[in-house]
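Engineer: Sharing a structure, written as structure tokens. Questions coming.
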Amino acid sequence: MSKLQAPRGTFDVLPDDADAREAVEREARRVLEAAGYRRVETPTFEATELFARGVGEATDIVRKEMFTFEDQGGRSLTLRPEGTAPVCRAYVEHGMHKHAQPVRLWYLSSFYRHEAPQAGRYRQFWQVGAEAIGSDDPAVDAETILLLADLLDALNTHGIRLRISSLGTPETRAAYREELQAYLRAHEERLPREVAERIDLNPLRAFDAAGIEDLMADAPKLLDRLDADDAAHFAEVRRLLDGAGVHYDVDPTLVRGLDYYTRTVFEFESSELGAQSGVGGGGRYDRLVEMIGGPDTPGCGWAAGVERILLAADRPPVAPPPVDLYVAFVRPGDRATAFALAGEARRAGLGAQLELAGRSLKGQLKQADRVGARFVAILGEEGTELRDMESGDQRAVDAGRVVREVIRGREL
RNA sequence: GUGGGCGUAGCUCAGCUGGUAGAGCUCCUGGUUGUGGUCCAGGUGGUCGCGGGUUCGAGUCCCGUCGCUCACCCCA
């Protein structure tokens, strides 16, 4: 008999985790809105074609990782595997090219990919992301990178390293890819089998292979093949980052798995994470808006995994909601009075909890202590008493004055 | 999809060379008639992932299966 459980690759967010995740959202809002980004929400599912065109037919995401289904009208829909294409779709659909550019948007949403789960990798996961659409100014690239650096810093993530590179244009990249493939084929006898087998599929992987470091050191690098405009653009991005004191490594082998990237690409990784070391990353996507049917519009942005941020971050101790008043009662007949008192206290702005489990008075006091109640109102046969849980003082009070007494006592 | 590790109470785990299920934590109750944080006692709670096999007897051995997890791959 199989027990019902959360589907593979998904997880429940329990109260302690929920607090930590809220902290991520809070800091993201603070950091991004300070830079003029405004929050956006797009649908959980989109037309499959959006991702096929936007993310790229050749990518792993589109080829084997999408949760795709048909609706009752026969339309093919897909649970969003990433956030950039949907945001760009919304940009086009709502005519945001008429706004002052760049339009800056941020989101914190769930995404879905059918992958084998492992540390920091889930089938439903959350990303906080930022997109600046409508400007190809290198300051946009540098600013988005700086914002993610600031966010990771504000969340006390550890072991963070930033790698950046530039992919140039799709044409540059395609020509380079052929050049690299030719180089690898010329030295095929020296390549490990896995690398040789992947020359067609993913030649850039060769840069990560062990044992052929010297061979790859002499291999052609994409950064050396950029045209003058792209090289100048990348140089300016670097100059701005240097000026802002952002530390980074230039890594000519950095590739992002989505087809839409052009020019700047970057990735923040953390040594705290294990195999899935990427915390967040992104880059420029100057062809994406046009690819999905909009006007020729440049864009730049990033996404960071909430679960991965949390894996790399210090978790501040969780603080349960404050309880100013716990309402205890002895006789079942006093339940209605207790119920009304707890409600009155909440409307007066207090954190107030009522005994809800039929405990003994001793058990009720224990529960009040556990939840951190400052005061306990005890409705008893002799009337109402108010107990200060810090000092242990307890005295009779008029039932109608309990809330006022707690408010007064709380301020002392 | 492929490989390694692991699956015993809500949680963390112990169960030696097969002998009939345990601890700590949590939770509830009680320790004089209605009072917390410490302490003491008691109690709730498990078809030992599931199915088959070997055996007089299996949580413990064998096979299968499912799940979790880590890694490859890919990426957030």
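Engineer: What number goes with the only condition from (1) outside any loop (DSSP other than H, G, I, E, B); (2) more than 10 Å from RNA strand B (Cβ to nearest atom) that A:Gly363 does not pass?
Structural biologist: Failing condition for A:Gly363: (2).
Engineer: Another question, then. So which of A:Leu311, A:Leu356 ends up being more than 7 Å from RNA strand B (Cβ to nearest atom), within 30 Å of A:Gly83 (Cβ to Cβ) and modelled with pLDDT under 95? So that I can check it myself, show each step before the final result.
Structural biologist: Numbers: A:Leu356 fails: within 30 Å of A:Gly83 (Cβ to Cβ).
Among A:Leu311, A:Leu356, only A:Leu311 is more than 7 Å from RNA strand B (Cβ to nearest atom), within 30 Å of A:Gly83 (Cβ to Cβ) and modelled with pLDDT under 95.
Engineer: Would you please list the contacts, defined by Cβ atoms under 7 Å and residues six or more apart or on different chains, that run from a residue in the range A:364-383 that is closer than 18 Å to A:Ala396 by Cβ to a residue that is assigned to a helix (DSSP H, G or I) and more than 6 Å from RNA strand B (Cβ to nearest atom)?
Structural biologist: A:Phe375/A:Val406; A:Phe375/A:Gly409; A:Val376/A:Ala368; A:Ala377/A:Leu341; A:Ala377/A:Val402; A:Leu379/A:Asp334; A:Leu379/A:Thr337; A:Leu379/A:Ala338
Engineer: Okay, moving on. For the range A:99-132, how many residues meet the condition of being over 18 Å from A:Arg80 (Cβ atoms) and at pLDDT 95 or above?
Structural biologist: The number of residues fulfilling the criteria is 7.
Engineer: From A:Lys98, A:Lys64, grab the single residue that is over 20 Å from the mean Cα position of the chain (by Cα) and over 18 Å from A:Asp286 (Cα atoms).
Structural biologist: A:Lys64
Engineer: So which residues in the range A:131-190 are outside any loop (DSSP other than H, G, I, E, B), aliphatic (A, V, I, L, M) and more than 25 Å from A:Ala20 (Cβ to Cβ)? Working first, answer last.
Structural biologist: Going residue by residue through the range A:131-190, those that are outside any loop (DSSP other than H, G, I, E, B) are A:131-133, A:138-154, A:157, A:160-166, A:170-186, A:188-190.
Narrowing the set further to residues that are aliphatic (A, V, I, L, M) leaves A:132-133, A:139-140, A:142, A:145-149, A:151-152, A:154, A:160, A:162, A:164, A:174-175, A:180, A:182, A:184, A:186.
Those that are outside any loop (DSSP other than H, G, I, E, B), aliphatic (A, V, I, L, M) and more than 25 Å from A:Ala20 (Cβ to Cβ): A:Ala132, A:Ile133, A:Ala139, A:Val140, A:Ala142, A:Ile164, A:Ala174, A:Ala175, A:Leu180, A:Ala182, A:Leu184, A:Ala186.
Engineer: Identify, please: which residue in the range A:264-282 is near RNA strand B (Cβ under 9 Å from one of its atoms) and of a type in the set (Gly, Ala, Ser) and is, among those, surrounded by the fewest Cβ atoms within 10 Å (Cβ to Cβ)?
Structural biologist: A:Ala275
Engineer: OK, next. Starting from residues that are within 34 Å of the chain's Cα centre (by Cα) and assigned to a loop (DSSP other than H, G, I, E, B), keep the ones in the range A:319-359 and report whichever is surrounded by the most Cβ atoms within 10 Å (Cβ to Cβ).
Structural biologist: A:Leu350
The values are calculated or read from the model by the stated rules, or taken from the named source; none is laboratory data. Here the structure is a predicted model, which is why all the values come from computation and not from measurement. Glycine also receives a Cβ, built like all others from the backbone with ideal geometry; neighbour counts cover every protein chain displayed.
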